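Worksheet: the structure to be examined is printed underneath.
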Number of protein chains: 2
Amino acid sequence: MSESRETIYIGKKPLMAYVTSTLIQLANQPKISIKARGLSIGRAVDVAQIVARKTENAGYSIGNIKIGSEQLQSQDGRSRNVSTIEIEVKRNTS
Amino acid sequence: MSESRETIYIGKKPLMAYVTSTLIQLANQPKISIKARGLSIGRAVDVAQIVARKTENAGYSIGNIKIGSEQLQSQDGRSRNVSTIEIEVKRNTS
């Protein structure tokens, strides 16, 4: 692996749990991705914004943001699309 | 104005109302922005994904995505941060 990279998946835990996980990962990696889908997308943006605010003086910032969609099989057997987001937080190269 | 640009703000209307507004704007402008904050952020991603899927054969795609936060005054007088998103959908220049 030429580039180490870690992903934080946002679910139903309290927001600060994900903020803490992200900060711990950022102490070890130059770049992490915060991922979420569906109703958790807003929370992923919250986590990224809180992390960015807490680390901006240490030289981190929001990187690429990607959105997409995934097909999920619902319980009645039909498939439906769910939106996804991936937000990168990275150490600035200076 | 050297660059015409329109913004669609996502609120509580049915999703397809925003999809329709966005498609109408895209017929007239080379680039539009879909904006939302707080709980509407996930819906903004949904709208952008639906529009992108409907227009990809016509040469449109998702452009820059920005996240941010705004300070809101809550009713008890305290201020709190709310996350924001801005998703660009644009005609591909070829």
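The values are calculated or read from the model by the stated rules, or taken from the named source; none is laboratory data. Every value quoted in this text rests on a predicted model; they were computed, and no experiment measured them. As a convention, Cβ positions derive from the backbone with ideal geometry for all residues, glycine included, and neighbour counts pool all protein chains shown. The area values use the complete protein model at the heavy-atom level, side chains included, leaving out ligands, DNA and RNA. Shrake-Rupley method; radii C 1.70, N 1.55, O 1.52, S 1.80 Å.
Going highest first, how would you order A:84-90, B:20-26 by mean Cβ packing within 10 Å?
The densest-packed peptide leads the list: A:84-90, B:20-26.
Using 1/(1 + (r/R0)^6) with R0 = 25 angstrom and r between the beta carbons of B:ASN28 and A:GLU70, what's the FRET efficiency to the nearest 0.05?
Working: r = 32 Å, r/R0 = 1.26.
With R0 = 25 Å, the Cβ-Cβ based efficiency is 0.20.
Taking amide H atoms as placed 1.01 Å from N in the peptide plane, list the residues 5 or more away in sequence, or in a different chain, whose amide H sits under 5 Å from that of A:TYR60.
Under 5 Å from the amide H of A:TYR60: A:ASN92.
Taking chain A as the reference, fit the longest principal axis to its C-alpha atoms, fit the long axis of helix A:41-55 to the helix C-alpha atoms, and give the angle between the two in degrees, 0 to 90, nearest 10.
Helix A:41-55 sits at roughly 0 degrees to that axis.
When the dipole is taken about the Cα centre of chain A, and only Lys, Arg (+1) and Asp, Glu (-1) are charged at their Cβ, what size is it in debye, to the nearest 20?
Roughly 120 debye for chain A.
At A:ASN81, label 7 Å along Cα→Cβ: distances to the other copies, nm, ascending?
3.2
Between the label point of B:PRO14 and that of the same position in each other copy, find the distances and list them shortest first in nm, with every label point placed 7 Å from Cα along the Cα-to-C-beta direction.
So the distances to the same position in the other copies read 4.0 nm.
I'd like the interface area for chains B and A: accessible area of each alone minus the complex, both sides summed, 1.4 Å probe, protein heavy atoms only. What is it in Å² to the nearest 100?
Result for this pair: about 1300 Å² buried.
For peptide B:50-63, what's the mean number of Cβ atoms from other chains within 10 Å of each residue's Cβ?
Counting Cβ atoms of other protein chains within 10 Å of each residue's Cβ and averaging gives 1.
Closest beta-carbon to the B-to-A rotation axis: which chain B residue owns it, and what is the separation in whole Å?
Axis-proximal residue of B, distance in whole Å: B:ILE65, 2.
Tell me which of A:THR84, A:LEU72, B:ILE85 sits at the most positive position along the dipole axis of the protein assembly as shown, charges placed on C-beta atoms (Lys, Arg +1; Asp, Glu -1).
Of the options given, the answer is A:LEU72.
For chain A, with a Gaussian network of springs between Cα atoms less than 10 Å apart, report the residue from A:ARG78, A:ARG43, A:ARG53 with the top mean-square fluctuation.
Of the options given, A:ARG78 has the highest mean-square fluctuation.
Helix B:15-28 versus the longest principal axis of chain B: what is the Cα-based angle in degrees, 0 to 90, to the nearest 10?
50
Please compute the net charge surrounding A:THR20, taking Lys and Arg as +1 and Asp and Glu as -1 over other residues with Cβ under 13 Å from its Cβ. Display every interim value, and only then the final one.
Working: positive: A:LYS13, A:LYS54; negative: none.
With Lys, Arg at +1 and Asp, Glu at -1, the net is +2.
Have a look at B:THR22, B:ALA58, A:GLY11 and report the one farthest towards the positive end of the charge dipole of the protein assembly as shown, computed about the Cα centre with Cβ charges (Lys/Arg +1, Asp/Glu -1).
Of the listed residues, the answer is A:GLY11.
Put a point 7 Å out from Cα along the line to Cβ at A:ARG53; what are the distances to that point in the other copies, in nm, shortest first?
3.4
Buried by at least 10 Å² relative to the chain on its own: which residues of region A:69-85 qualify, computing accessible area with a 1.4 Å probe on protein heavy atoms?
Output list: A:SER69, A:ASN81, A:SER83, A:ILE85.
Would you mind working out the accessible area per residue for chain B, using a 1.4 Å probe, and quoting it in Å²?
Accessible area per residue, chain B: 60 Å².
Roll a 1.4 angstrom probe over the protein heavy atoms and tell me the percent of accessible area of the protein assembly as shown that is carbon or sulfur.
Values: 5240 of 11210 Å².
Here carbon and sulfur together make up 47 percent of the probe-accessible area.
Please get the size of the charge dipole for the protein assembly as shown, origin at its Cα centre, with Cβ charges of +1 on Lys and Arg and -1 on Asp and Glu, quoted in debye to the nearest 20.
240
Among residues other than A:GLY38 whose Cβ falls under 13 Å from its Cβ, what is the net charge (Lys/Arg +1, Asp/Glu -1)?
Surrounding charge for A:GLY38 is +4.
Given R₀ = 35 Å, what would the calculated FRET efficiency be for A:SER61 paired with B:ALA58, taking r from the Cβ atoms and rounding to 0.05?
0.55
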